[in-house]
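Presented below is the structure to which this report refers.
The values are calculated or read from the model by the stated rules, or taken from the named source; none is laboratory data. All values reported here derive from a predicted model rather than from experimental measurement. Counting neighbours? That spans all protein chains shown, and the Cβs are built from the backbone with ideal geometry, glycine included.
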Amino acid sequence: MLTCALLASALPVMAHAADITGAGSSFAAPIYGAWGADARSAAGINLNYQTVGSSAGQNQILAGTVDFGASDVPMDAQKLENAHLFQFPTVMGGIVPVINLPGIAANQIQLDGPTLAAIYRGEIEQWNDKRIAALNPGVKLPDTAVATVHRADGSGTTAVFTGYLARVSPEWREGQGAGASIAWPGGIGARGNDGVAASVRNTEGAIGYVEYAFAANAHMVTVKLKNHSGAYVAPDMDSFKSAAEAADWKDASHFAVDLLDTAGAGAWPIVSPTYVLVPVPTAKADHGAAVRKFFGYALKSGDAAAYKLDYVTVPATVKTEILRQWDSAK
């Protein structure tokens, strides 16, 4: 179990600081780390966050072992109601394919959804396969064997990635489907975004999928993807924002907005929010108030930290509605 220590030791210890615990998404771990460090001094909140994956995050909040769960996959509306949980997004980000091909630069390779699905289905075994070559005229592709890397743990990142593949590839939809844990056709399994990144870096010919911040921080080689409008776009803040701007927030039940393969001209096709799940009302009133104070601070004052870590922030109008609904939730 990888634990994110979110408390900066250099910050002064505050008297009567409230302690809260959270667990779940590795995608969200960097921003909760940054917000946790800031909130210790600014809001008097000590946060301990465990990076255990989205599935475990949902399970732990349902079991009542943490003060909030974190998941890249929104919980089913009926399950939320039965468990008396309130769900809201905190930030958004892109899920990006990363590759290890010597001599190939970042975003030099172009892929479309069906080809990416064929790679993960094991139908494309060499990087110079004619289907990849057809998308990359003029690029000298090596005959290196393809090694797919996927998450071995229950993962919201996997749910988003396989959700995209199921949307763009009928063969994937009918054969593998989408979910936080699926039966992969083959390849290398690794735990967490950092585990996938490490496996790709250490395996020539590898392709994996990680949250963009992990790829950017590790200077990994990303690819361009063909989006809904037919354009090949690079993963960056502009393409993520284009996807977020095309989303239908008003009709999103429990804030579970769909950002996959949106119609924005410059939109990156694999974008997702990450969500927080909190009990309402909480059995621990003091902890519930501290969690509300922490995320109230983060939503109002945490944008700079999010931008620094390559996350897209939730629109201001949505933040206002989150806090309004949270305060009135019963």
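The table below lists the values:
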{"read-out": "Cβ pairs under 7 Å, 6+ apart, first in region 311-330 and within 21 Å of PRO279 (Cβ to Cβ), second among the small types (Gly, Ala, Ser) and surrounded by 16 or more Cβ atoms within 10 Å (Cβ to Cβ)", "value": "LEU323/GLY296"}
{"read-out": "Residues of region 197-219 classified as touching a helix residue (DSSP H, G or I) at 6+ places or on another chain (Cβ under 8 Å) and buried (at least 20 other Cβ atoms within 10 Å of the Cβ), total", "value": "11"}
{"read-out": "GLU245 being closer than 21 Å to LEU309 by Cα, at pLDDT below 95 and over 17 Å from the mean Cα position of the chain (by Cα)", "value": "yes"}
{"read-out": "Tabulated pairs, region 124-146, first without any contact (Cβ under 8 Å) to a residue 24 or more places away in the chain and assigned by TED's automatic domain parsing to the domain that holds LYS226, second part of a strand (DSSP E or B) and among the hydrophobic types (A, V, I, L, M, F, W, C), C-beta under 8 angstrom, 6+ apart or interchain", "value": "GLU125/ALA145; GLN126/ALA145; ILE132/LEU111"}
{"read-out": "Count of residues meeting criterion [modelled with pLDDT of 95 or more and loosely packed, with under 14 Cβ neighbours inside 10 Å] in region 299-319", "value": "2"}
{"read-out": "Candidates ALA304, ALA243, ALA298, filtered to the one that is within 26 Å of ARG40 (Cβ to Cβ) and in contact with a Phe, Trp or Tyr (Cβ under 8 Å, 6 or more places away or on another chain)", "value": "ALA298"}
{"read-out": "Extreme residue, surrounded by the fewest Cβ atoms within 10 Å (Cβ to Cβ), among residues of region 267-298 that are part of a loop (DSSP other than H, G, I, E, B) and at pLDDT below 95", "value": "ALA283"}
{"read-out": "Criterion: modelled with pLDDT under 95 and within 20 Å of the chain's Cα centre (by Cα) - qualifying residue of GLY103, GLY192, GLY177", "value": "GLY192"}
{"read-out": "Candidate set from region 1-43 (those that are within 19 Å of the chain's Cα centre (by Cα) and at pLDDT below 50); member that is surrounded by the fewest Cβ atoms within 10 Å (Cβ to Cβ)", "value": "MET1"}
